[in-house]
Amino acid sequence: MLTQLKAKSEGKLAKQICKVVLDHFEKQYSKELGDAWNTVREILTSPWCWQYAVLLNRFSYPFELEKDLHLKGYHTLFQGSLPNYPKSMKCYLSRTPGRIPSERHQIGNLKKYYLLNAASLLPVLALELRDGEKVLDLCAAPGGKSIALLQCACPGYLHCNEYDSLRLKWLRQTLESFIPQPLINVIKVSELDGREMGDAQPEMFDKVLVDAPCSNDRSWLFSSDSQKASCRISQRRNLPLLQIELLRSAIKALRPGGILVYSTCTLSKAENQDVISEILNSHSNIMPMDIKGIARTCSHNFTFAPTGQECGLLVIPDKGKAWGPMYVAKLKKSWSTGKW
């Protein structure tokens, strides 16, 4: 009976895959990823294989849930493997697919956990946030990375920006659901075009996260409207220009000596390595930071594809490690004057 249900479910899900998008990915990623694309494609087109990590909220700690996760065979992510891993961040994963139910938003009640793709914590950890620092989350909605940053440390000031008005509402609700009122007071939420932030707040921030708008490979594959999907694919070539402009703005907003992390949830080289190469080639005051150590210490939880960059990592979905896609690059602003 279970086999029949699974087969029926798989058949239904398979029909929802957008052929226009899959064909486009097939051409691009078979070139960029080589043989690894076969496994990646299999995972991306099989939502029943996807995994969800459970990030516990330190401001409303779920001790009973934590016990239950242990009983169900969940294990903690990163702890013991990364030297700078914040003890206040607790994230649990299962080695098997499935997810626990999401919590509903209730005004006045803090949620106890946040469900996420575990690879999305890598940009947050790469930022190495410290208590008291001023931090900018330039493209913050829906808010998962802002929530994760606040599990790591208590910044002196956190600026969460989101240009899209609908996503901005989602961001506000996420923050309200997870963060206690005293800490909300050190968070500013704005609706600026991220490309203008650098001019509006020059050299204001110690750390900047640019989780850029990108061609989200997982969601694009399940576009129900083929016409819209075709339109998205044609617009895809414009995304690197937007991403570069956002990074240039972020660099202006970053103080000298500060750290910038860039991330996307796409496999696309044009939106990942090529964007970072363009920034490094055009800004003499931006230095790459080696983050290969993360790949070495986290290979038991994630599969990494070669990027050809010391400052860039690419997590690709794999069997039993269905996390990603997630690209992360870490940069530092030096004290010298850069080219614009």
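The table below gives the values:
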quantity: Members of region 69-108 found to be among the polar types (S, T, N, Q), open to solvent by 50 Å² or more (accessible area, probe 1.4 Å) and either outside any loop (DSSP other than H, G, I, E, B) or at pLDDT 95 or above (or both), listed by number; calculated: GLN106
quantity: Checking ALA119 against (1) assigned to a helix (DSSP H, G or I); (2) among the small types (Gly, Ala, Ser); (3) in contact with a Leu (Cβ under 9 Å, 6 or more places away or on another chain), the condition it does not meet; calculated: (3)
quantity: Selection status of GLU66, on the phi < 0 side of the Ramachandran plot and either loosely packed, with under 15 Cβ neighbours inside 10 Å or free of Cβ contacts under 8 Å to residues at least 60 places away in the same chain (or both); calculated: yes
quantity: Top-ranked residue of region 94-111 - restricted to ones that are over 16 Å from THR76 (Cα atoms) and of a type in the set (Gly, Ala, Ser), ranked as farthest from the chain's Cα centre (by Cα); calculated: GLY108
quantity: Residue among ASP211, ASP199 that is touching an Asp or Glu at 6+ places or on another chain (Cβ under 9 Å) and open to solvent by 20 Å² or more (accessible area, probe 1.4 Å); calculated: ASP211
quantity: Residue in region 144-183 that is least open to solvent (accessible area, probe 1.4 Å), counting only those that are closer than 17 Å to LYS112 by Cα and not in a helix (DSSP H, G or I); calculated: ILE179
quantity: Flag for LEU115 being touching a Pro at 6+ places or on another chain (Cβ under 7 Å) and open to solvent by 20 Å² or more (accessible area, probe 1.4 Å); calculated: no
quantity: Top-ranked residue of region 216-232 - restricted to ones that are of a type in the set (Gly, Ala, Ser) and in contact (Cβ under 8 Å) with a residue 40 or more places away in the chain, ranked as least open to solvent (accessible area, probe 1.4 Å); calculated: ALA229
quantity: Strands (runs of 3 or more DSSP E) contained entirely in region 233-340, each with at least 2 residues that are at pLDDT 95 or above and surrounded by fewer than 16 Cβ atoms within 10 Å (Cβ to Cβ); calculated: 254-264
quantity: Among (1) in contact (Cβ under 8 Å) with a residue 24 or more places away in the chain; (2) within 29 Å of ARG104 (Cβ to Cβ), the one test that LYS207 misses; calculated: (2)
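The rows are residues; the columns are (1) farther than 18 Å from VAL315 by Cβ; (2) in contact with a Lys or Arg (Cβ under 7 Å, 6 or more places away or on another chain).
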residue	(1), (2)
GLN235	yes, no
PRO240	yes, no
LEU247	yes, no
LEU254	yes, yes
TYR262	no, no
THR266	no, no
LYS269	no, no
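The values are calculated or read from the model by the stated rules, or taken from the named source; none is laboratory data. Since this is a predicted model, take the numbers as computed values, not measurements. So basically every Cβ, Gly included, is an ideal-geometry build from the backbone, and we count neighbours across all protein chains shown. We work out accessible area using only protein heavy atoms, side chains counted, and drop any ligands, DNA or RNA first. Shrake-Rupley method; radii C 1.70, N 1.55, O 1.52, S 1.80 Å.
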